[in-house]
Amino acid sequence: MKCVHIADTHLGLAAFHTIDPDTGMNLRERLVYENFLAAVDAIIRVRPDAVVHAGDLFHQVRPKTRAYTTALEGLERLAAAGIPLLVIAGNHSMAKTRYTQSPFAVLEYHGAEVHAAYKYRYEAVELGDTLFHLIPNMLEAGDYRRAFDEIALSPSGPNLMVTHGLASMVAEKKLHTIAEHEIDSTMISDAFEYIALGHYHGQISVGANAWYSGSIEHCTYGELRDRKGGLVVDTQSGEVTHLDLPKTPMYDLGTVEGAGLSAREIVDAVAGKVEQVGEPHAMCQVTIAGVDRETLRAVGRIGTGDCAGHLLDLKVRAECAEEDRPRLGSEDLAGVDYVAEFGRFLAEKHLPGPKHDYALKKGEEVLKRVIREHAEGDDASA
């Protein structure tokens, strides 16, 4: 059997503050929907026997209406192509109690051939000569092992397991999200022709027959270097190949060495890097290194928004130069200039000019009021 393995599509994911003028929708969210449907079309062109989705179809347990309609449109396209879908619930879209209706219940009313595992139990599905073993996200970590122990392997055809969680081989890459469970390493077994994993957003192999397909989209800047897309799996030959799928591009634009440059020169250098990005709506990260805090504050006041208008987002990281600043012990706190310290702290956050000025003004007002009230209290008790 030839199947396509995808996961972590997170329909409903929104980010940044850009609004699509045509729909009034968060632009990041709109792009996630559009890329998902384009990915379905790309998968159909591969002509697989089945599509396996290893969890987190939706970003939330109560999906937005557009997330639902997008998923149903994807199902409609797969049904028209005669391709069945097997999908399990991941931690983002799994109801947190046994008494809460799952968002996947809606899929049962669709005319497409869809096999959804979301009821906190192991389910087996036979398609053609292949037996699929589905273990959705569970309420407790120990439930995975109990579900695994229920598996009865097919003695004649290929066996393919689908589950969602963090394999112990990549346990150091925890996403620290709700209901994130670690998968026992003994479940990554060579008894299966293939193991389709979801949850970790990078495309990697954690065994000769076990893969994370990764997410289709870059969901955070922490995933900037992760490979994205899907996997085409041939259960007969054991061959697993990468499948490029549409996504919103994300780039690291490198580093601007700010030592000795003025704030305007730094902003111009950032603008020069941004101009090299041809794709509209790309997400980009740039680092400013070796700059002192006063210059960084000035960069924030100038802002980089004018040069990044064609981008979906520009994240500016700052690596400030080391400064000879005395470290204060608890006995020295009485002499701290809290207002000046707050100004230095805010400069490190590299806010756009107007936001920086507003936060600085309000912060100084609050600090001065608290300092004054504290002083009045000391006087009254003297």
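The values are calculated or read from the model by the stated rules, or taken from the named source; none is laboratory data. Here the structure is a predicted model, which is why all the values come from computation and not from measurement. Cβ atoms come from the backbone with ideal geometry, glycine included; neighbour counts cover every protein chain shown.
So here's what we get for this one:
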{"quantity": "Residues within segment 304-347 that are surrounded by 13 or more Cβ atoms within 10 Å (Cβ to Cβ), in a loop (DSSP other than H, G, I, E, B) and modelled with pLDDT under 75, tallied", "calculated": "0"}
{"quantity": "Yes/no for Glu223 being among the charged types (D, E, K, R) and touching a residue at least 40 places away in the same chain (Cβ under 8 Å)", "calculated": "no"}
{"quantity": "Test result for Arg47, among the basic types (Lys, Arg) and more than 24 Å from Leu231 (Cβ to Cβ)", "calculated": "no"}
{"quantity": "Segment 212-266, residues that are in a strand (DSSP E or B) and touching a Phe, Trp or Tyr at 6+ places or on another chain (Cβ under 8 Å)", "calculated": "Tyr212, Leu231, Val233, Val240, Met250"}
{"quantity": "Check on Ala95, small (Gly, Ala, Ser) and within 17 Å of Asn159 (Cα to Cα)", "calculated": "no"}
{"quantity": "Residues of segment 178-206 classified as under 24 Å from the mean Cα position of the chain (by Cα), modelled with pLDDT of 90 or more and not in a loop (DSSP other than H, G, I, E, B), total", "calculated": "7"}
{"quantity": "Residue under evaluation Pro21, criteria (1) within 20 Å of Asn137 (Cα to Cα); (2) assigned to a loop (DSSP other than H, G, I, E, B); (3) free of Cβ contacts under 8 Å to residues at least 12 places away in the same chain, criterion not met", "calculated": "(1)"}
{"quantity": "Flag if Asp22 is surrounded by 16 or more Cβ atoms within 10 Å (Cβ to Cβ) and acidic (Asp, Glu)", "calculated": "no"}
{"quantity": "Residues satisfying the stated conditions in segment 280-303, i.e. part of a strand (DSSP E or B) and within 27 Å of the chain's Cα centre (by Cα)", "calculated": "Met283, Cys284, Gln285, Val286, Thr287, Ile288, Ala289"}
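Here is a yes/no grid of residues against (1) among the basic types (Lys, Arg); (2) modelled with pLDDT under 95:
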site: Arg227; (1), (2): yes, no
site: Asp234; (1), (2): no, no
site: Gly238; (1), (2): no, yes
site: Pro246; (1), (2): no, no
site: Met250; (1), (2): no, no
site: Gly260; (1), (2): no, yes
